[in-house]
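Scroll down for the structure; my scribbles are underneath it.
FYI, it's all coordinate maths here, none of it is from the lab. Note that the structure is predicted; figures quoted are calculated from it, not measured. When we count neighbours, we look across all protein chains shown, and the Cβ atoms used for this are built from the backbone with ideal geometry, even at glycine.
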Amino acid sequence: MINWLPIAQKLGYDSARDMWLDLYVTRQISIDKLTEKLDVSRNTVRDALDREQIPIRKRGGPNHQKFEVTDELIAHVKELGIGPVAKELGVAYTTLYKRLFQTRPRPAEPAEPDPAEEEEGSPCSRTS
């Protein structure tokens, strides 16, 4: 188990709890980013947050923000492109692309032929 107090003090915090509150709660730094910066595993960060009784956020972050795919948004994407519009919305371009793809109009399914309407002379209805 890591003693976080010396690390917190080195970063200018009075306690480990103050460090976690600032980094995770106030600054909204994700667990993945914290693991990279602190060179520890996800579970190590999660355990430290748990020990300090800091609730862990649900996964997702900014890319799970809700935005409505409207005709205006589609026109804006056609005008500027996915990258610039995604940046304006504060989401990854892949998130915007996926949302646009998911909400696109689907082509109608072709109707299955009605067997009662098949002609007797068609090659499919021949019998020997």
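Work from the charge dipole of the stretch 1-87 (Cβ charges, +1 for Lys and Arg, -1 for Asp and Glu, about the Cα centre) and give the residue of 86, 44, 67 farthest towards its positive end.
Highest projection toward the positive end goes to 44.
So for the pair residue 43, residue 87, with labels modelled 7 Å out along Cα→Cβ, what separation do we get in nm?
For residue 43 paired with residue 87, the spin-label model returns 4.0 nm.
At what distance in nm do the modelled label points of residue 15 and residue 54 sit from each other, each positioned 7 Å from its Cα along Cα→Cβ?
1.3 nm
Show me, bin by bin at 10 Å from 0, the whole-percent P(r) of the stretch 9-48 based on Cα pairs.
Result returned by the calculation: 30, 63, 7.
For labels at residue 27 and residue 109 in the simple 7 Å Cα→Cβ model, what's the distance in nm?
Inter-label distance under the simple model: 5.2 nm.
What percentages, rounded to whole numbers, describe P(r) for the stretch 62-102 computed over all alpha carbon pairs with 10 Å bin width beginning at zero?
32, 64, 4
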